[in-house]
Amino acid sequence: MKPNKINQQRVNTMLFEIIRTENYEDMSKIAAKRVIGKVQQKPDAVLGLATGSTPEGLYKEFIKDHKENGTSYEKVNTVNLDEYMGLDRNDKNSYFTFMREKLFNHIDIDLENTNVPNGMVSDMEAEAKRYEEHIKEIGGIDLQILGIGHNGHIGFNEPGTSFDSRTHVIELAESTREANSRYFHSIDEVPTHAITMGIQSIMDSKEIILLASGAGKAEAMKKLVYGEITEDFPASALRLHKKVTIIADKDALQLI
Ligand code: GLP
């Protein structure tokens, strides 16, 4: 990895450090350099991880670096943001399976130290409480990776979610189900509900990196950076966090 050769442009706002990259590959490489740096500096770091297509390149970079440079995840704990409700953990569309296939099976992480909320238990309130308590027990999240939905969702916190929320069950917005139907045979197969870390659970992270790629995210990124801080646009809560870095490609940042 030679990130010093990557063409990147820094934009300073009062609120976020924004790193604008040429393309998706560079976004992934620069983000990987930061996260890997954190793991090297704190080998037992707690990483908050996200799913979706945006962080896939980042996970590929982790795997490449692990193989080439031997960065170890043996002592790292991970906490995932969310999971669909009612999808078996072994379903190809579950985030449990996504994480194993895209990352965990290819690095030296102890699977016991990886956490994805369980969308199959009958007592969801107990599961949400257990998840929150576990995050506390392992010391809280050092570095949280986020993507962003077109409607400003982070994790699966859809518009209208309270900024005080902790892990909870949520009904997915129709637009989210439509966007995610690309992974399923039809929209009817997309679960209607999910369990997600809340906005407050995300805000408790010591540091946050938000990734965005492609013109489809440009409006959301504009609202994130310049819009109102409002529960109608969940990601806007991040404006109240002390340490958020946005790493995004120029298409996603074309309105900024
Ligand atoms: C998904 C996930 C989010 C993700 C977002 C964007 O539904 N729950 O964590 O950030 O939507 O996904 P993508 O990266 O595929 O655009």
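The values are calculated or read from the model by the stated rules, or taken from the named source; none is laboratory data. Owing to the predicted nature of the structure, the values given are computational and were not obtained by experimental measurement. So basically every Cβ, Gly included, is an ideal-geometry build from the backbone, and we count neighbours across all protein chains shown. Please note that ligands, DNA and RNA were not included when accessible areas were found on the heavy atoms of the full protein model with its side chains. Shrake-Rupley method; radii C 1.70, N 1.55, O 1.52, S 1.80 Å.
Any residue in the stretch 107-114 that is at pLDDT below 95, hydrophobic (A, V, I, L, M, F, W, C) and loosely packed, with under 14 Cβ neighbours inside 10 Å? Steps first, please.
At the first step, the residues of the stretch 107-114 found to be at pLDDT below 95 are none.
Among the residues of the stretch 107-114, not one is at pLDDT below 95, hydrophobic (A, V, I, L, M, F, W, C) and loosely packed, with under 14 Cβ neighbours inside 10 Å, which makes the answer no.
Which of the residues that make up the stretch 162-179 are open to solvent by 30 Å² or more (accessible area, probe 1.4 Å), free of Cβ contacts under 8 Å to residues at least 60 places away in the same chain and part of a loop (DSSP other than H, G, I, E, B)?
Asp164, Arg166
Quick check, is Thr230 under 18 Å from the mean Cα position of the chain (by Cα), among the β-branched types (Val, Ile, Thr) and on the phi < 0 side of the Ramachandran plot?
Values: under 18 Å from the mean Cα position of the chain (by Cα): no; among the β-branched types (Val, Ile, Thr): yes; on the phi < 0 side of the Ramachandran plot: yes.
Criteria not met by Thr230.
Six or more apart or on different chains, Cβ under 8 Å: which pairs go from a residue in the stretch 230-248 that's within 21 Å of Thr54 (Cα to Cα) to one that's assigned to a loop (DSSP other than H, G, I, E, B) and small (Gly, Ala, Ser)? Could you list them?
Pairs that qualify, where the first residue is within 21 Å of Thr54 (Cα to Cα) and the partner is assigned to a loop (DSSP other than H, G, I, E, B) and small (Gly, Ala, Ser), are Phe233/Gly152; Phe233/Gly227; Pro234/Gly152; Ala235/Gly152; Ser236/Gly152; Ser236/Gly227; Ala248/Ser213.
Out of all the residues in the stretch 26-35, is one or more of a type outside the set (A, V, I, L, M, F, W, C), touching a helix residue (DSSP H, G or I) at 6+ places or on another chain (Cβ under 6 Å) and not in a helix (DSSP H, G or I)?
Going through the stretch 26-35, the residues of a type outside the set (A, V, I, L, M, F, W, C) turn out to be 26, 28-29, 33-34.
Imposing the further condition that a residue be touching a helix residue (DSSP H, G or I) at 6+ places or on another chain (Cβ under 6 Å) reduces the set to 28-29, 33.
Going one step further and asking which of them are not in a helix (DSSP H, G or I), we end up with none.
Looking for residues that are of a type outside the set (A, V, I, L, M, F, W, C), touching a helix residue (DSSP H, G or I) at 6+ places or on another chain (Cβ under 6 Å) and not in a helix (DSSP H, G or I), one finds none in the stretch 26-35, hence no.
Before we move on, is Arg182 open to solvent by 10 Å² or more (accessible area, probe 1.4 Å), without any contact (Cβ under 8 Å) to a residue 60 or more places away in the chain, within 11 Å of the ligand (Cβ to nearest atom) and touching a helix residue (DSSP H, G or I) at 6+ places or on another chain (Cβ under 8 Å)? Explain how you work it out, then say what you get.
Numbers: open to solvent by 10 Å² or more (accessible area, probe 1.4 Å): yes; without any contact (Cβ under 8 Å) to a residue 60 or more places away in the chain: yes; within 11 Å of the ligand (Cβ to nearest atom): yes; touching a helix residue (DSSP H, G or I) at 6+ places or on another chain (Cβ under 8 Å): no.
When the stated conditions are applied, Arg182 does not pass them.
Can you tell me which residue is surrounded by the fewest Cβ atoms within 10 Å (Cβ to Cβ) among those in the stretch 196-239 that are outside any helix (DSSP H, G or I) and among the hydrophobic types (A, V, I, L, M, F, W, C)? Steps first, answer last, please.
Residues of the stretch 196-239 that are outside any helix (DSSP H, G or I), as a first pass: 196-198, 204-214, 227-233.
Then drop every residue that is not among the hydrophobic types (A, V, I, L, M, F, W, C), which leaves 197, 208-212, 229, 233.
Numbers: Met197: 29, Ile208: 22, Ile209: 25, Leu210: 24, Leu211: 26, Ala212: 24, Ile229: 13, Phe233: 18.
The qualifying residue surrounded by the fewest Cβ atoms within 10 Å (Cβ to Cβ) is Ile229.
Look through Ile229, Ile246 and report the one residue that is at pLDDT 95 or above, of a type outside the set (Asp, Glu) and over 17 Å from Asp204 (Cβ atoms). So that I can check it myself, show each step before the final result.
On the way: Ile229 fails: at pLDDT 95 or above.
One residue alone meets the criteria, Ile246.
For the subset of the stretch 147-171 comprising residues that are aliphatic (A, V, I, L, M) and in contact with a helix residue (DSSP H, G or I) (Cβ under 7 Å, 6 or more places away or on another chain), which member is farthest from Gln200 (Cα to Cα)?
Of the residues in the stretch 147-171, the ones aliphatic (A, V, I, L, M) are 148, 154, 169-170.
Next, only the ones that are in contact with a helix residue (DSSP H, G or I) (Cβ under 7 Å, 6 or more places away or on another chain) stay: 148, 154, 169.
Working: Ile148: 16, Ile154: 11, Val169: 14 Å.
The extreme case among them is Ile148.
If you check Asp142 against the conditions, is it of a type in the set (Asp, Glu), away from the ligand (no atom under 16 Å from the Cβ), over 26 Å from Ala220 (Cα atoms) and surrounded by fewer than 22 Cβ atoms within 10 Å (Cβ to Cβ)?
No.
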